[in-house]
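Asks: Sending over a structure as structure tokens; questions will come in a sec.
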Amino acid sequence: MHELTPREIVAELDRYIIGQRDAKRAVAIAIRNRWRRQQLPDPLRREVTPKNIIMIGPTGVGKTEIARRLAQLVHAPFLKIEATKYTEVGYHGRDVESMVRDLVEVSVSLVRGEERQRVEEKARQRARERLLELLAPAPEPDPEAAGAPGGGDTSAERRQRTRDKLARKLDAGELDDRTVELSVEQRTLPVQIFSSVGMEQM
């Protein structure tokens, strides 16, 4: 986000939204100002009041799409809800508690996805190492071989050559048809019991 100027934000929105030049320019300036406010020291940040934007217009002009694409651009949670009690077609809207709860769920899901992407490469490397350990397990220690001169080194070198060969085949996809068994410990989640009051609120 810090690398995008308002002009670049508008250009990004232009990829998905036709027209609405003034609206896209207004939200781009607003989101850039909010980012600049976050970079200020705490005492000075409290002196700068962020401005909100209300987009008003008939159905289908692009209000929701502008907000949705902007949220994706700044990695912010986005939730589309109907807040009015009854719409023109008679749809009953949501109350404040359900709106906040849904928004929190979207936020948690967003953070979970970001954290998953952050550790994805490390998890892939650890899974690769675990597969290699299953395909080329370490031999049981042999006291007699360990006492022999050079015996342990030869066994370790042989195992390392085998492991390197399997690693090359694994990276090339030549071992995709092999089946290995892996024991995984399953975590048990605590069960939460709701009272009758809690169930009514749900």
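The values are calculated or read from the model by the stated rules, or taken from the named source; none is laboratory data. Values in this document were obtained by computation on a predicted structure and should not be read as measured data. When we count neighbours, we look across all protein chains shown, and the Cβ atoms used for this are built from the backbone with ideal geometry, even at glycine. For the accessible areas, the whole protein counts, side chains as well, though only heavy atoms, and no ligand, DNA or RNA atoms are used. Shrake-Rupley method; radii C 1.70, N 1.55, O 1.52, S 1.80 Å.
Asks: Just one of (1) at pLDDT 85 or above; (2) farther than 30 Å from LEU170 by Cβ; (3) open to solvent by 90 Å² or more (accessible area, probe 1.4 Å) trips up LYS85, so point out which.
Replies: Tallying (1) at pLDDT 85 or above; (2) farther than 30 Å from LEU170 by Cβ; (3) open to solvent by 90 Å² or more (accessible area, probe 1.4 Å), LYS85 fails exactly one: (1).
Asks: Hey, another quick one. When you look at LEU189, is it modelled with pLDDT of 70 or more and of a type outside the set (S, T, N, Q), yes or no?
Replies: no
Asks: Of all residues being more than 15 Å from GLU65 (Cα to Cα) and not basic (Lys, Arg) in the stretch 1-19, which is surrounded by the fewest Cβ atoms within 10 Å (Cβ to Cβ)? Just the residue, please. It would help to see each step written out before you state the result.
Replies: Filtering the stretch 1-19 for residues more than 15 Å from GLU65 (Cα to Cα) gives 1-8.
Keeping just the survivors that are not basic (Lys, Arg) gives 1-6, 8.
Numbers: MET1: 13, HIS2: 8, GLU3: 5, LEU4: 17, THR5: 11, PRO6: 17, GLU8: 13.
If we take residues in the stretch 1-19 being more than 15 Å from GLU65 (Cα to Cα) and not basic (Lys, Arg), then GLU3 is surrounded by the fewest Cβ atoms within 10 Å (Cβ to Cβ).
Asks: Could you grab the pairs with beta carbons closer than 8 Å, sequence gap of 6+ or different chains, first residue in the stretch 20-43 and closer than 15 Å to GLU8 by Cβ and open to solvent by 90 Å² or more (accessible area, probe 1.4 Å), second one of a type outside the set (A, V, I, L, M) and part of a helix (DSSP H, G or I)?
Replies: ARG25/PRO6
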